[in-house]
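Taken together, the values in this text are just the output of simple stated rules run on the coordinates, not laboratory data. Just so we're clear, the structure is a prediction, and the values are computed from it rather than from any experiment. All Cβ positions, glycine included, derive from the backbone under ideal geometry; neighbour counts span all protein chains shown.
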């Protein structure tokens, strides 16, 4: 957290109000003396109010949650739930430079808000690492606490989760991969045997993950799933009618989870059904949370599901810990397949674009907008040759700046999970790499192998 610097807060010498180190979940921080402290299972909160001036500051440290390996996406999800939905902020946050420390990448941004007559600034810091995200939200309407805020952010350090490998997104070496194809396609590996007993197989409309008598379907994006809003009942009904109902009959005991205090809203429905293909009665649960796909769990009965995934819908309530979803969310990571040199041909591209709306910190008035866009291309040809280029443009205040980088050479697949390029920005580079399956194709994910803990994978789609 020491590297997280924003235009809101400047490093000021110690004020003497910090005391001994404290721990909460994965975070260690300095206790703020003289501030009100409130603790729950999910948060640690410090607050200070000056009633004479009408000023206040609230610092909330949230318990870590399961997350993707994309820090910006995790920040966006957190902003949506903690700031936009809670405070009614419609403006995009003004982002600050990312910072990396001890395998964690911190994304931070802020925006002005006004709710129930109260005005202020909301600053969110989202740190991503080891498939976890940790959030710190700061709300204030004054600069008189800037020293305390800066010192608190400096004091926060995050540790590696117990039992998590540094490169959690890369399959471990003990996994064996078989080249048998279950779908007709252009890629070598269509089955992955994971060392924990799960087997993933690419199917036409989903990735099928199996272990014993348990089957989990990772559904590909489906344009027919069109909910009218984000209400749990509406979302689940829309997905259930498209993904589940056509393959089953004789529905019994259809249930939804109640509303849950969780910034990444879980969508979950379950029922007893008859499988039309086999005529057998099964228990089916449909689930989605955060960046996961729609995940379908199929077990012989409800008890089998509860014993394996640890979730009993009848025990879920508004204050349930977000950890109850962790085993369900983890299944999303089994859409992962090895690479082969023969998989790479033609052009693969990655495109990104964003708008940033600036707000004056003191007045809350608009201070303009900037637009950033970039495109990255790999073009593979015979003889294991490639061409690579990156183009980017940034516009602000009526002026634009452009950047361009390129390289060319030869590539080789070092092993099932790594690829080497002879020239990327003037030097050779090795990437950790894997495929995820989508309907009819694949997405290639690559991360600089020198920084395996960064979790910054870039996804390339084949054109």
Computed over the chain, the relative contact order (Cα-Cα under 8 Å, seq sep at least six) in percent reads 12
Packing-ranked peptide list from 146-153, 343-350, 402-409, highest mean Cβ count within 10 angstrom first, is 146-153, 343-350, 402-409
Residue separation between residue 55 and residue 24 times 0.36 nm, minus their alpha-carbon distance, gives in nm 8.4 nm
Quick note, the range 191-334: a/c under 1.5 would make it rounded; otherwise a/b > b/c is prolate and the rest oblate (a ≥ b ≥ c, C-alpha gyration tensor); here it is rounded
Once normalised by the length of the range 18-158, the mean sequence separation of its alpha carbon contacts under 8 Å that are 6 or more apart gives a contact order in percent of 25
Applying the gyration tensor rule to the Cα atoms of the range 341-462 (axes a ≥ b ≥ c; rounded if a/c under 1.5, else prolate if a/b exceeds b/c, else oblate), the class is prolate
Zone reached by a paramagnetic label modelled 7 Å from residue 374 Cα along Cα→Cβ, restricted to the range 72-112 with backbone N below 14 Å, covers 72-73, 97-99
From fewest to most C-beta neighbours within 10 Å, the residues 224, 288, 63 line up as 224, 63, 288
Pseudo-spin-label distance residue 229 to residue 280, built 7 Å along Cα→Cβ, given in nm, is 4.1
Given (i) 35.6; (ii) 24.6; (iii) 31.3 as possible values of mean projected area of the Cα convex hull in nm², the one from the coordinates is (ii)
Proxy exposure order for 189, 357 (fewest C-beta within 10 Å first) is 357, 189
Between the modelled labels at residue 347 and residue 317 (7 Å from Cα along Cα→Cβ) the distance in nm is 5.8
Placing each pseudo-label 7 Å from Cα in the direction of the beta carbon, residue 37 and residue 427 end up separated by a distance in nanometres of 4.4
A correct fewest-to-most ranking of 23, 68 by other Cβ atoms within 10 Å would be 23, 68
Mean separation of Cα contacts under 8 Å (at least 6 apart) over the residue count of the range 341-462, i.e. the relative contact order in percent, is 17
The extension gain from residue 404 to residue 254, computed as 0.36 nm times the residue separation minus the Cα-Cα distance, is 48.6 nm
